[in-house]
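First comes the structure, then the notes that go with it.
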Amino acid sequence: MKTKTTTRACAACTYWNKLEDDHGECRRHAPQTIAFEVDDEVKFESMFPVTAGDDWCGDFSKAD
C-alpha cells in the first residue's frame, strides 16, 4: 500500500527532471542563483534545486 508521501514524491511529479540514480532537479520554479567563494573570489551560479526521488513538497503535480 502506498502512503500519501510516496504517491506525492518528486519522482512521480511532472516538474521533476531525473538526473542520475534517485536524484533530479525540481523544475517547478525558475533556477535559483547561489553565491559561493572559490579561492577568495565570489562566484555565482544559477541552478534548479536538486532533490531525491522520494522527497516531496506542497507543489506536487502528478506526471502523466
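Work out how much length D40 to H23 would gain on full extension: take 0.36 nm times their residue separation and subtract the Cα-Cα distance, in nm to one decimal.
Difference between extended and current length: 3.1 nm.
Evaluate the charge dipole of the chain about its Cα centre and quote only its size in Debye, nearest 20, assuming +1 on the Cβ of each Lys and Arg and -1 on the Cβ of each Asp and Glu.
Using Cβ point charges on Lys, Arg, Asp and Glu, the chain gives about 720 debye.
Please report the orientation-averaged projected area of the chain, defined via the convex hull of its C-alpha atoms, in nm².
5.5 nm²
If you plug each phi of the stretch 29-42 into the Karplus form 6.51 cos²θ - 1.76 cosθ + 1.60 with θ = phi - 60°, what whole-Hz ³J(HN,Hα) values come out, in order, with x for Gly and Pro?
Here the 3J(HN,Hα) series is 10, 4, x, 9, 8, 10, 10, 8, 9, 10, 6, 6, 10, 8 Hz.
Loop-only check: which trypsin sites (Lys or Arg not before Pro) in the chain are DSSP coil with at most 12 other Cβ within 10 angstrom?
K2
Only the coordinates and a few stated rules stand behind these numbers; no lab work does. In this text, all values refer to a predicted model and were calculated from it rather than measured experimentally. Every residue, glycine as well, gets a Cβ built from its backbone with ideal geometry; the counts of neighbours run over all protein chains shown.
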